[in-house]
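One structure is given below, encoded as structure tokens.
Rule-based calculations on the coordinates, nothing more; no lab input. Since this is a predicted model, take the numbers as computed values, not measurements. Cβ coordinates were reconstructed from backbone atoms using ideal geometry, including for glycine residues, and neighbour counts include every protein chain displayed.
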Amino acid sequence: MESRYDRLLSLSSFSKEDLLTLQSKKVLIIGAGGVGQHVATYLVTNGIEHLTILDFDKVEISNLNRQILLCEKDIGKYKVDVVKKALNAKNKDAYIKSINIKLDKSNVSEIITSKYDVVIDALDNWEGKFIISDECHKKRIPHLHVGVDGMSGQYCVFKDKCLRDILPSEVIKEKRDGVMGSVVGAISSMATTYLIQFLLNKVKADELVSFDFKQNSVKTIKF
Amino acid sequence: MKLKVNCVISNEYENGLTIQGLLDYKHIEAVPWLVISVNGVFVKRNLFKEHVLNDGDEIEMIYVRGGG
């Protein structure tokens with residue numbers, strides 16, 4: 001009888017022990033938008049079975065170009081409710097917890113706790129990204145940073161470093177572009193693959209990988 | 001001297017050029033979301049004016065993005 005992980009377990013670089021390791025991990029995703037939904041989907045379909053996802057937003061029609069777990073019938077509903085249902089439809093064995101709240105400085109210490117093995121910054125603003133990174137750095141919890149805008153984006157698993165090591169706080173003035181859903185999907189998928197490899201101790205942390213689809217270029221920066 | 005800047009190799013650069021000098025020469029503003037590496041290693045922005053580039057260095061410039 002086939003199981004949901006047959007194709008994953010037949011991968012030459014992936015073992016049963018790797019799957020057990022992933023199944024033991026507890027992951028917190030902050031932000032259930034374009035990045036959050038792609039990352040969550042590939043985590044719960046590739047062995048992560050303890051996932052908490054946090055967001056406060058409701059579904060709007062403009063979300064649908066990049067937020068793959070949403071449908072038109074979901075407009076007006078809370079994203080975390082829709083996302084939790086969609087993830088459990090893909091993997092009924094996964095324990096998905098949803099938190100409907102906006103992360104800020106006053107509640108971050110209660111939300112980001114040491115019970116998580118990794119935290120994922122899937123927010124769409126620098127202010128929130130700094131709050132996550134600062135708290136994770138303080139508590140020594142690895143965190144995956146993902147940022148996408150226009151035709152480019154980047155990801156990095158921070159372990160010994162944090163966002164403030166590479167960016168000044170003035171970065172919040174960054175000018176914004178539109179975004180193509182496939183670019184969000186591509187960068188989020190790459191970031192998820194990297195995160196899984198990190199959780200399995202197969203890649204190092206503290207390296208920023210950037211993709212620019214206008215120039216078809218990939219760049220890696222070590223800290 | 002020869003530098004490779006964003007994958008483009010050129011001999012046009014003067015010896016002793018700093019990272020800030022390179023940015024000025026190329027008319028690139030050091031906006032807060034610009035991240036630079038030399039030979040794959042990140043350089044802090046407070047070192048842009050001091051970090052002297054050497055012949056053969058490879059410089060990458062990345063504009064990080066905050067969307068999600």
**Request:** Can you confirm whether region A:93-101 contains a residue that is in contact (Cβ under 8 Å) with a residue 12 or more places away in the chain, among the polar types (S, T, N, Q), away from chain B (no Cβ under 14 Å) and in a strand (DSSP E or B)?
**Result:** yes
**Message:** Condition first: under 20 Å from residue A:146 (Cα atoms), more than 14 Å from chain B (Cβ to nearest Cβ) and over 17 Å from the mean Cα position of the chain (by Cα). Now tell me which residues in region A:17-73 satisfy that.
**Reply:** A:64
**Complete:** If we ask which residues in region A:40-86 are outside any loop (DSSP other than H, G, I, E, B) and either out of contact with any Ser or Thr (no Cβ under 6 Å at 6 or more places or on another chain) or in contact (Cβ under 8 Å) with a residue 40 or more places away in the chain (or both), their number turns out to be 28
**Top-ranked residue in region A:180-195 [being surrounded by 21 or more Cβ atoms within 10 Å (Cβ to Cβ) and in contact with a Gly (Cβ under 8 Å, 6 or more places away or on another chain); ranked as farthest from residue A:67 (Cα to Cα)]** = A:187
**Asked** Which residues, counting only those in region A:130-174, are in contact (Cβ under 8 Å) with a residue 60 or more places away in the chain, more than 8 Å from chain B (Cβ to nearest Cβ), touching a Phe, Trp or Tyr at 6+ places or on another chain (Cβ under 8 Å) and surrounded by 23 or more Cβ atoms within 10 Å (Cβ to Cβ)?
**Response** A:144
**Message:** I need the full set of residues from region A:33-70 which are among the small types (Gly, Ala, Ser) and under 19 Å from residue A:117 (Cα atoms), in order please.
**Reply:** A:36, A:40, A:47
**Request:** Hey, can you tell me all the residues within region A:109-160 that are part of a loop (DSSP other than H, G, I, E, B) and of a type in the set (A, V, I, L, M, F, W, C)?
**Result:** A:112, A:122, A:123, A:141, A:151
**Prompt:** Being under 30 Å from residue A:129 (Cα atoms), among the acidic types (Asp, Glu) and touching a helix residue (DSSP H, G or I) at 6+ places or on another chain (Cβ under 6 Å), is that true of even one residue in region A:31-52?
**Reply:** yes
**Message:** For a quick check of your reading: which strands (runs of 3 or more DSSP E) sit entirely within chain B and have at least 1 residues that are within 14 Å of chain A (Cβ to nearest Cβ) and surrounded by 14 or more Cβ atoms within 10 Å (Cβ to Cβ)?
**Reply:** B:3-5, B:34-38, B:41-43, B:58-63
**Prompt:** Residues in region A:1-39 that are part of a helix (DSSP H, G or I) and free of Cβ contacts under 8 Å to residues at least 12 places away in the same chain: how many?
**Reply:** 6
**Message:** Within region A:190-206, does at least one residue satisfy the condition of being touching a helix residue (DSSP H, G or I) at 6+ places or on another chain (Cβ under 9 Å) and at the interface with chain B (Cβ under 10 Å from one of its Cβ atoms)?
**Reply:** yes
